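Engineer: Take a look at this one; I'll ask things after.
The values are calculated or read from the model by the stated rules, or taken from the named source; none is laboratory data. Everything numeric here is computed off the predicted structure, so don't read it as measured data. Cβ atoms come from the backbone with ideal geometry, glycine included; neighbour counts cover every protein chain shown.
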Amino acid sequence: MQNYPAHYIIFGKYKDHVAQVRNISINSSVTLSQISCVYHRAAQLTLLDVLLETYRQKNKSIFNDLRGKQALHHLLFTRYNWPLDKIRNLSLEDVLFILHDDLKTDKFDPTVAKYIDTTLSNYQQMSFPDVMDAEWNPDYAEELK
């Protein structure tokens, strides 16, 4: 069995998860635009997890390892000084909008960026018109440890 980098595994999980949340069967007859949307959202969420894992590694302590959503909450709290109740109530759509510039592939390790860019090069550049909170599973980032 071949060992794949963690971001490959997370992308695969998100591809399947987003398709399931959106009720799109990627293994049957679907449109290229649907598949493109699934792949682009999976890539976006993979980059979010990689961003948060990098942040977690730099900011964790012996008292709090910033697992799950804690890394996101800590990042937004330290960057913007917003109240925690406001941060905790942000939708995924809000989070992706706020972190838009941080989620560009050129901001990531070249290995991660190349994988995402190469994978997406096979699909039309498009995305779903909305973001569903259920699309993100912060537990997938555990693969990055």
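Engineer: List, please: which pairs have Cβ atoms under 6 Å, are six or more places apart or on different chains, and start with a residue in region 107-123 that is touching a residue at least 12 places away in the same chain (Cβ under 8 Å) and end with one that is assigned to a helix (DSSP H, G or I) and among the hydroxyl-bearing types (Ser, Thr, Tyr)?
Structural biologist: Close Cβ pairs satisfying both conditions: 116/105; 117/105; 123/36; 123/39.
Engineer: How many residues, within region 13-49, are in contact with a helix residue (DSSP H, G or I) (Cβ under 8 Å, 6 or more places away or on another chain), under 20 Å from residue 121 (Cα atoms) and in a helix (DSSP H, G or I)?
Structural biologist: Residues flagged as in contact with a helix residue (DSSP H, G or I) (Cβ under 8 Å, 6 or more places away or on another chain), under 20 Å from residue 121 (Cα atoms) and in a helix (DSSP H, G or I) within region 13-49 amount to 16.
Engineer: Can you name the residue in region 106-140 that is surrounded by fewer than 16 Cβ atoms within 10 Å (Cβ to Cβ) and among the acidic types (Asp, Glu) and is also nearest to residue 50 (Cα to Cα) among such residues?
Structural biologist: So, considering only residues that are surrounded by fewer than 16 Cβ atoms within 10 Å (Cβ to Cβ) and among the acidic types (Asp, Glu), the one nearest to residue 50 (Cα to Cα) is 109.
Engineer: Of the residues 120, 51, only one is modelled with pLDDT of 95 or more and closer than 19 Å to residue 137 by Cβ; which?
Structural biologist: On inspection, the qualifying residue turns out to be 51.
Engineer: Residues of region 78-110 being more than 16 Å from the chain's Cα centre (by Cα) and either of a type in the set (Ser, Thr, Tyr) or on the phi > 0 side of the Ramachandran plot (or both), which ones?
Structural biologist: Result: 78, 80, 81.
Engineer: Within region 81-91, restricting attention to residues that are out of contact with any helix residue (DSSP H, G or I) (no Cβ under 8 Å at 6 or more places or on another chain) and assigned to a helix (DSSP H, G or I), which residue is surrounded by the fewest Cβ atoms within 10 Å (Cβ to Cβ)?
Structural biologist: 85
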